[in-house]
Every structure is written in C-alpha cells, then in structure tokens.
Amino acid sequence: MTNNTNNLIPPHGGYRKLMSYQMAEIVYDATVRFCERFIDKRSRTFDQMVQAARS
C-alpha cells in the first residue's frame, strides 16, 4: 500500500499552522513569563501554573 490515494488518512499540514495551537502557545508563553516575574520559582504555585498552561 505505497500509493497515497489508498491511505485511510491522507497527508496533512503541520499542527503549528492551526489557530488553536498558536493561541495555546501564546497563553503558555505568557503564563511562564508571568510566573518568572511575579512568583518564586521554588514555589509549588509556579509549578502548578506552568503545568496547567502546558495542559
């Protein structure tokens, strides 16, 4: 089955072009910068916020 026309899932573009991915990346980056600026890096709050943004 080397012919692409017979594949169940056709080739597609990258996920980085999706608007939802781009917005999620902005939110994650902003959260990390906020935490680095205002929250102690050793605190559990820092870790929780970064992990939540990653999710």
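I need VAL50, VAL32 ordered by Cβ neighbour count within 10 Å, fewest first. Walk me through the numbers on the way to the answer.
Values: VAL50 18, VAL32 15.
Ranking VAL50, VAL32 by Cβ neighbours within 10 Å, fewest first, gives VAL32, VAL50.
Using the Karplus equation 6.51 cos²θ - 1.76 cosθ + 1.60 (θ = phi - 60°), what ³J(HN,Hα) coupling, rounded to whole Hz, does each residue of region 39-50 give in order, writing x for Gly and Pro?
So the J values, rounded to whole Hz, are 10, 4, 5, 8, 7, 5, 4, 4, 4, 5, 5, 5.
Taking Rh as the Kirkwood radius, which is the inverse of the mean 1/r over Cα pairs, what is the Rg/Rh value for the chain?
On the way: Rg = 18.4 Å, Rh = 13.8 Å.
Rg/Rh for the chain comes to 1.33.
If each DSSP helix of 4+ residues adds -39,500 (n - 2.57) and the sum is divided by the residues in the chain, what number results at 222 nm, nearest 500 deg cm²/dmol? Walk me through the intermediate numbers first.
On the way: 2 runs with 31 residues, N = 55.
So the helix-based figure for the chain works out to -18500 deg cm²/dmol.
Throughout, read-outs are computed from the coordinates displayed, never taken from laboratory work. All figures in this text were calculated on a predicted structure; none of them were measured in a lab. Methodologically, a virtual Cβ is constructed for each residue, glycine included, from the backbone with ideal geometry; neighbour enumeration extends over all protein chains shown.
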